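A.B. asks: Shown below is the structure under consideration.
The values are calculated or read from the model by the stated rules, or taken from the named source; none is laboratory data. These numbers were taken from a predicted model, which means no experiment stands behind them. A quick note on method: Cβ atoms are made from the backbone with ideal geometry, for glycine too, and the neighbour counts reach across all protein chains shown. When the accessible area is computed, the model is the full protein with side chains, heavy atoms only, and any ligands, DNA or RNA have been set aside. Shrake-Rupley method; radii C 1.70, N 1.55, O 1.52, S 1.80 Å.
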Amino acid sequence: MNKTLPLQITGTLSILALAGSLYYRSVGRKQDKLSSAILQVLTARLHPSTKGLENENALDMYYAERVLDRVSGRIAVLQPKVAKRLAKKLHSGFRPWYRGGDKEEVIYGVLRSLQDKVQASQVAKQYHQEFKIHLIEQLQNHLDREEIKKVLEILQRIPNYRTV
């Protein structure tokens, strides 16, 4: 019997096992994406006002990076220290219930000061870096439906980006 035959059989079986595992993994990912999309649609229908935050580009931490990658020309962006200052000011508007509740006007004021959704995205990213919580989650935890609607109205009024 040839001494390499068992090695060839073992190698072939290993390759087949790897291919099968990769196939099932890709099928699982497709199912996860589909179930995530279904869940997002269902939650948006059950809680339309709060789930609108998740669909808003301005609160997506990576929106600014995508715009900078896709749009030719110079895009206006905030300096990191300005984004950090605005994130801290925004955070000062969120207060626990035992300290009198949130200062919604501070939150609205910071959002109104943003000139485009790229700037809002930069502030959202900085907020996450500073306070280890997504801005969307913080807004959902602290604001009621009417206040979230007002936040969405403010964000929907600003342009996606500005060129310099």
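A.B. asks: Mind checking the per residue accessible area of the chain for me, 1.4 Å probe, whole number of Å²?
C.D. replies: Solvent-accessible surface per residue comes out at 68 Å².
A.B. asks: Measure nothing but the geometry: give the 0 to 90° angle between the long axis through the Cα atoms of 80-92 and the longest principal axis through the Cα atoms of the chain, rounded to 10°.
C.D. replies: 70
A.B. asks: Here is a further query. Report in % the part of the accessible area of the chain that belongs to carbon and sulfur, leaving out ligands and nucleic acids; probe 1.4 Å.
C.D. replies: With neighbouring chains kept in place, the figure for the chain is 55 percent.
A.B. asks: Assuming R0 = 41 Å, what is the FRET efficiency of SER92 and ARG25, from their Cβ-Cβ distance, to the nearest 0.05?
C.D. replies: That gives a FRET efficiency of 0.35.
A.B. asks: The list (1) 62, 38, 37; (2) 83, 41, 27; (3) 61, 35, 30 gives values of Cα extents along the principal axes in Å, and only one came from this structure; which label was calculated from it?
C.D. replies: Comparing each candidate, only (2) matches the computed number.
A.B. asks: Could I have the simple spin-label model distance between LEU68 and ASN55, label points 7 Å from Cα toward Cβ, reported in nm to one decimal?
C.D. replies: 2.8
A.B. asks: Related question: Among the listed pairs LYS84/LYS149; LYS30/LYS132; LYS84/LYS117, give every one whose C-alpha distance is greater than 20 Å.
C.D. replies: Pairs exceeding the cut-off: LYS84/LYS149; LYS30/LYS132.
A.B. asks: Compute the helix-to-body angle for 145-157: its Cα long axis versus the longest principal axis of the chain, expressed 0 to 90° and rounded to tens.
C.D. replies: The helix 145-157 is inclined about 90 degrees to the chain.
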